[in-house]
Each structure stands twice: as C-alpha cells, then as structure tokens.
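Student: Here's a structure for you.
The values are calculated or read from the model by the stated rules, or taken from the named source; none is laboratory data. Computed from a prediction, not measured in an experiment: that's the story for all the values here. Cβ coordinates were reconstructed from backbone atoms using ideal geometry, including for glycine residues, and neighbour counts include every protein chain displayed. Side chains included, ligands, DNA and RNA excluded: accessible areas come from the protein's heavy atoms. Shrake-Rupley method; radii C 1.70, N 1.55, O 1.52, S 1.80 Å.
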Amino acid sequence: MMSLSAARDKLFLDKTENTLVQLFRYTFVGGFAFVVDFGTLFLLTEIFHIHYLLSAAIAFILGLITNYFLSIKWVFSIRSIENKKIEFLLFSIIGLIGLGLNELLLWIFTDLILIHYLLSKIITAIFVYLWNFIGRKYLLFNNK
C-alpha cells in the first residue's frame, strides 16, 4: 500500500505520464488560469467599462499565458515538440480555438439565452477546459 507522502508526491511533485494525474494537475492549473481570466474579465468590464466580449478576449489571452507556463512546468512532463516557439505557437492555436469557442458560447449564453455574463463565463469555461486539456495532452504533450 502506498504511503500518504508517496501518494502526495505522485499527485503533486513527481513527473508523470499518468493521464488522470495530469488531468488532476491540469484542473488546478486551469483553475488558477480561470481566476486570472475571470478576474480580468470582471475588472475590465465592471471597472474599466470595456465591452464584455473584448474584455473576455483580453482576459482569455492572459489566462492562456498563465496556463502555458504552469502546464509545461507542472502538468506535462513529455514535450513532443522541442522547439519552444513552435510549441507555444501550437499551444496558442489550441487556445485560440478555445477562445473562439469561449466567445461563441459566451455570446450564446449571454445574448441569446439571456444568462448574466459572469454565469455564462462559468458555464463556458467547462467546455473550453475540456477542449484545451484534450487538445494539449494529445497534440502537444505525448510520447507518440
């Protein structure tokens, strides 16, 4: 039986290729990036009175950058692409698809279904989170 400290190390410290452990870690990374994204969206929209869709795009990009650096440092130990510029470009393309999905769903939930934009953001984040993890795990950070 695995000791508590060994289990903690496996979940939080050791490099891993275990998809479930990576998903667990990505949830924390995604959660932190979401706080950056959501906080920026709120700040830009409510304090600076920038339209919510423009605020959402800026906020999403800041969340994307946060997610990239935390993902390569903590979540994914294998990097399929050695060139870091190309890797970030592909990571960003996956993120831009996520941004398109984010903007589309945010607009649908807010303008068509008439849900408050902050609640719409929470619902949208679930779909974008899944897209981003699957896209990044299987297109960028695998050993195939």
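Student: If you roll a 1.4 angstrom probe over the protein chains with everything in place, what fraction of the accessible area of region 1-129 belongs to carbon and sulfur, to the nearest %?
Tutor: Working: 5720 of 7500 Å².
Answer for region 1-129 is 76 percent, counting heavy atoms of protein chains only.
Student: Could you tell me which residue out of His51, Leu105, Ile86 lies farthest along the dipole of region 35-106 toward its positive end? Charges go on the beta carbon: Lys and Arg +1, Asp and Glu -1, centred on the Cα centre.
Tutor: Ile86
Student: Calculate how steeply helix 117-139 sits against the longest principal axis of the alpha-carbon atoms of the chain, using the helix alpha-carbon long axis, and give the answer as 0 to 90 degrees to the nearest 10.
Tutor: The answer is roughly 30 degrees.
Student: Continuing with the same structure: GNM on the chain, C-alpha springs below 10 Å: top fluctuator among Ile123, Ile97, Ile86?
Tutor: Judging by the Gaussian network model, the answer is Ile86.
Student: Add -39500 (n - 2.57) for each DSSP H run of 4 or more in the chain, then divide by its residues: what number comes out at 222 nm, to the nearest 500 deg cm²/dmol? Kindly include the intermediate steps, with their values, before the conclusion.
Tutor: On the way: 5 runs with 99 residues, N = 144.
Taking each H run of at least 4 residues, the total per residue is -23500 deg cm²/dmol.
Student: Using each residue's phi in region 65-81, evaluate 6.51 cos²θ - 1.76 cosθ + 1.60 at θ = phi - 60° and report the 3J(HN,Hα) Karplus result to the nearest Hz, with x for Gly and Pro.
Tutor: So the J values, rounded to whole Hz, are 5, 4, 4, 4, 5, 6, 5, 6, 8, 10, 8, 9, 8, 9, 10, 5, 10.
Student: Say R0 is 25 Å: what FRET efficiency, to the nearest 0.05, do Phe42 and Trp74 get from their beta-carbon distance?
Tutor: E between Phe42 and Trp74, to the nearest 0.05, is 0.45.
Student: Starting from the Cα of Lys85, draw a straight line to each of the lysines and keep only those under 26 Å, dropping any in the same chain fewer than 8 residues away.
Tutor: Lys15, Lys73, Lys137, Lys144
Student: What size of dipole, in debye to the nearest 20, comes out for the chain about its Cα centre when the only charges are +1 on Lys and Arg C-beta atoms and -1 on Asp and Glu C-beta atoms?
Tutor: On the way: 12 positive and 9 negative charges, 108 e Å.
The dipole magnitude comes to about 520 debye.
Student: Using only the alpha-carbon atoms, how far is helix 84-107 inclined from the longest principal axis of the chain? Give it as 0 to 90 degrees, nearest 10.
Tutor: 40 degrees
Student: Further question on the same structure: Can you tell which of Leu53, Leu13, Leu99 shows the greatest fluctuation in a Gaussian network model of the chain with Cα springs below 10 Å?
Tutor: Top of the fluctuation ranking is Leu13.
Student: Another one. Let me know the volume per residue of the alpha-carbon convex hull for region 11-131, in Å³.
Tutor: Working: hull volume 11.9 nm³, N = 121.
Hull volume normalised by residue count: 98 Å³.
Student: At a 10 angstrom cut-off on C-beta neighbours, averaged per residue, how do the peptides 57-64, 39-46 rank from highest to lowest?
Tutor: Working: 57-64: 20.2, 39-46: 16.9.
Result, highest mean first: 57-64, 39-46.
Student: How large is the charge dipole for region 20-85, taken about the Cα centre, if only the Cβ atoms of Lys, Arg (+1) and Asp, Glu (-1) carry charge, to the nearest 20 debye?
Tutor: On the way: 5 positive and 3 negative charges, 72 e Å.
The dipole magnitude comes to about 340 debye.
Student: If I fit a long axis through the Cα atoms of helix 19-42 and take the longest principal axis of the Cα atoms of the chain, what angle between them do I get, 0 to 90°, rounded to 10?
Tutor: 30 degrees
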